[in-house]
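Note sheet for the following structure.
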Amino acid sequence: MVTIMQPAQFARQLQENIASVIIGKEKAVELMLVALLCEGHILLEDVPGIGKTTLAKALARSIDCSFARIQFTPDLLPSDVTGINYFNQKAQEFQFRPGPVFRQILLGDEINRATPRTQASLLEAMGEKQVTIDGETMLLPNPFLVIATQNPIELEGTFPLPEAQLDRFLLQIGVGYPTVEEEEEILLRYEQKDPLAALRSVTDAVTVTALQQQVRTVHINADVRRYILTLVRHTRDHQAVQLGVSPRGTLALYRASQALAALRGRDYVIPSDVKQLCPAVLTHRIHISAQTRLRGRNTAQIVQEIVESTPAPVVS
């Protein structure tokens with residue numbers, strides 16, 4: 001009889017394994033595991049050089065999944081992402097050459113540097129776990145996780161992601177600079193060798209797939225469910241918000257709350273799970289008005305205001 005790993009044990013093993021490479025980013029790693037178990041996707045938005053690519057590679061190696069990286073540039077074509085049908089002169093027939101999207105973990109580096117047409121080539125893959133090429137639909141591997149990065153500071157030569165694509169990212173995560181102590185530890189750890197090269201896997205894709213089904217059974221009672229609905233409704237009614245959270249965002253907050261509770265060893269969701277996930281799940285799904293931006297306010301502040309002003313239910 002095969003023993004299924006519990007989500008809390010899964011989280012502990014992966015966090016310890018990734019911590020041998022990435023120092024001091026426990027919250028970011030936990031959120032990435034939430035996205036993985038929700039079958040969602042991640043937008044890493046932060047400045048260059050703080051370990052976004054290393055973090056994605058460490059996750060892929062830890063769960064023994066195939067990995068590919070795409071460097072998004074203005075001249076990148078959709079076929080460079082999905083693959084192409086080409087004529088094999090030796091075989092005298094057309095054959096399909098799969099693109100990097102057919103890997104289990106796909107890193108899209110600086111996704112906002114690609115043209116809207118190339119960005120759109122990921123929409124079907126992210127939403128339906130399939131790609132359609134020349135009228136033929138092909139399924140993607142399971143698990144399938146897109147980790148896209150973008151630099152929030154450098155805007156020259158970029159194409160901002162449209163709301164339709166932003167909405168397909170389950171979470172938006174900022175990695176942040178390390179502390180002085182953490183940065184010193186990075187220097188010592190990387191002094192003689194790259195720890196990523198020696199990183200081993202601690203689980204596999206079969207376990208991840210089983211846990212993805214298991215977290216869907218985590219209980220959310222009626223009061224917490226209405227709390228989620230109220231938070232989302234307030235993003236649509238807020239006077240500073242021009243475009244609120246979509247029903248897809250509501251479902252994302254619901255699923256993410258289940259995954260976070262499971263990773264923390266519970267089979268039920270509590271209001272604090274929902275509150276902690278709101279910044280990562282809701283912020284990139286809200287479009288604030290121009291007047292609000294002129295007043296110096298941003299979407300993160302609006303989300304925080306909504307969370308603080310919405311009473312959380314008291315559950316036993």
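The values are calculated or read from the model by the stated rules, or taken from the named source; none is laboratory data. In this text the structure is predicted, and so the values were computed from the model without any measurement. Glycine gets a Cβ as well: all are built from the backbone with ideal geometry, and neighbour counts include every protein chain shown.
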For this session: Return yes or no: is Pro74 closer than 27 Å to Leu36 by Cα and more than 17 Å from the chain's Cα centre (by Cα)?
Result: no
Problem set entry | Among (1) out of contact with any Phe, Trp or Tyr (no Cβ under 8 Å at 6 or more places or on another chain); (2) surrounded by fewer than 17 Cβ atoms within 10 Å (Cβ to Cβ); (3) modelled with pLDDT of 90 or more - the single one Leu170 does not satisfy | (2)
Exercise. Mind checking which residues of the range 249-276 are in a loop (DSSP other than H, G, I, E, B) and buried (at least 24 other Cβ atoms within 10 Å of the Cβ)?
Worked result: Val269
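If a residue counts only when it is within 23 Å of Ala58 (Cβ to Cβ) and without any contact (Cβ under 8 Å) to a residue 60 or more places away in the chain, which strands (runs of 3 or more DSSP E) contained entirely in the range 82-142 have at least 2 such residues?
105-109
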For this session: Enumerate the pairs (first residue in the range 233-250 and touching a residue at least 60 places away in the same chain (Cβ under 8 Å); second residue anywhere and of a type in the set (Gly, Ala, Ser) and buried (at least 17 other Cβ atoms within 10 Å of the Cβ)) with beta-carbon separation below 6 Å, excluding pairs fewer than 6 apart on the same chain, so at least 6 apart or on different chains.
Result: Thr235/Gly244
For this session: Looking only at the range 70-77, decide whether some residue is out of contact with any helix residue (DSSP H, G or I) (no Cβ under 8 Å at 6 or more places or on another chain), in a loop (DSSP other than H, G, I, E, B), assigned by TED's automatic domain parsing to the domain that holds Met126 and surrounded by fewer than 14 Cβ atoms within 10 Å (Cβ to Cβ).
Result: yes
Exercise. Picking from Val269, Val202, Val175, which residue would you name as being β-branched (Val, Ile, Thr), touching a residue at least 12 places away in the same chain (Cβ under 8 Å) and in the same structural domain as Gln304 (by TED's automatic domain parsing)?
Worked result: Val269
For this session: Would you check which residues across the range 277-294 are surrounded by fewer than 17 Cβ atoms within 10 Å (Cβ to Cβ) and in contact with a helix residue (DSSP H, G or I) (Cβ under 9 Å, 6 or more places away or on another chain) and list them?
Result: His287
Exercise. Can you name the residue in the range 213-232 that is in contact (Cβ under 8 Å) with a residue 60 or more places away in the chain and among the hydroxyl-bearing types (Ser, Thr, Tyr) and, of all such residues, is farthest from Val314 (Cα to Cα)?
Worked result: Thr230
Exercise. Could we say that Glu191 is within 27 Å of Pro152 (Cβ to Cβ) and more than 24 Å from the chain's Cα centre (by Cα) here?
Worked result: no
Problem set entry | Check on Arg113, surrounded by fewer than 12 Cβ atoms within 10 Å (Cβ to Cβ), closer than 22 Å to Gln150 by Cα and not hydroxyl-bearing (Ser, Thr, Tyr) | no
For this session: Name every residue in the range 195-247 that is within 21 Å of the chain's Cα centre (by Cα) and part of a loop (DSSP other than H, G, I, E, B), in order of residue number.
Result: Ser201, Val202, Thr203, Asp204, Val218, Gly244, Val245, Ser246
Exercise. When only residues in the range 277-301 that are assigned to a helix (DSSP H, G or I), modelled with pLDDT under 95 and among the hydrophobic types (A, V, I, L, M, F, W, C) count, which is farthest from Leu161 (Cα to Cα)?
Worked result: Leu294
Exercise. Looking at (1) modelled with pLDDT of 95 or more; (2) within 21 Å of Lys27 (Cα to Cα), which is the only condition Val202 fails?
Worked result: (1)
